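Structure first, commentary second.
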Amino acid sequence: MAYTTTAALKAYLGITSSSDDSLLSDAINRAQAMIDRHCHRHFEPEADHGSAASHVHYFTPMLERFGGDLLDDYTLNLSHDLAELTSITNGDGTPIPNNQVVLLPLNVVPTNAIRIKSSSGYFWTYNGSVEASVQVAGKWSYSLDVPDDIVAATLRLAGYLYRQREGTPDSDRAIMSADGVMLAAQRIPADVREMLRPFIRRS
């Protein structure tokens, strides 16, 4: 799946012909990949070929200062954004019920940590090897639906990439500054980078 569609991009650019549909589709895919790299996150659920199926990530139930993923005895730090939790299997193979944990931060997206309730009686543990022994299944992304600002940024960036084939002033050619210094072209236009700034993952 993609953050926008070829039809939406054609409407954005005012294109009615279908002759460049493959180029437009490629521009969308490139724009999406650039946005993901720039923000260090995905904006649609990670699963097999973009399906809604749950996907499993593995974590090490050991404190971070010892090389694990625990912020403290109860809190598991996630290396990816979690949009929806499906299930947790502790490192000893036992399930931890979803109602015995809280997702952090509270009341906002995305989830970046799972804390076992202190009243639950559960704690992070393992049998045998500690490495990657905890399994968390869920939909991994910033949110379940692509945010409107990310859709807009994808359209703007995809349109920019598509127009590069014409060598327009909006292209990625290097330019000369007023004082004669050659400036490298920006891969992502300044307005798109500003749109993406609130979505950049900082940790």
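The values are calculated or read from the model by the stated rules, or taken from the named source; none is laboratory data. The model shown is predicted, which means the values in this text are computed figures rather than measured ones. Cβ placement follows ideal geometry from the backbone for every residue including glycine, while neighbour counts extend to all protein chains displayed.
What the table shows:
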quantity: Among the candidates V102, V109, residue that is at pLDDT below 95 and surrounded by fewer than 19 Cβ atoms within 10 Å (Cβ to Cβ); calculated: V109
quantity: Residue within segment 73-80 that is closer than 29 Å to L196 by Cα and aliphatic (A, V, I, L, M) present; calculated: yes
quantity: Filter pass, V151 being β-branched (V, I, T) and part of a loop (DSSP other than H, G, I, E, B); calculated: no
quantity: Inter-residue pairs, beta-carbon under 7 Å, first within 17 Å of D149 (Cβ to Cβ) and in segment 1-12, second surrounded by fewer than 16 Cβ atoms within 10 Å (Cβ to Cβ), 6+ apart; calculated: A2/N29
quantity: Wholly within segment 1-97, strands (runs of 3 or more DSSP E) carrying at least 3 residues that are aliphatic (A, V, I, L, M) and at negative phi; calculated: 75-82
quantity: Condition check for R187: surrounded by 11 or more Cβ atoms within 10 Å (Cβ to Cβ), within 23 Å of D21 (Cα to Cα) and either modelled with pLDDT under 95 or not assigned by TED's automatic domain parsing to the domain that holds E84 (or both); calculated: yes
quantity: Criterion violated by A52 - all others in (1) over 22 Å from L144 (Cα atoms); (2) at pLDDT below 95 satisfied; calculated: (1)
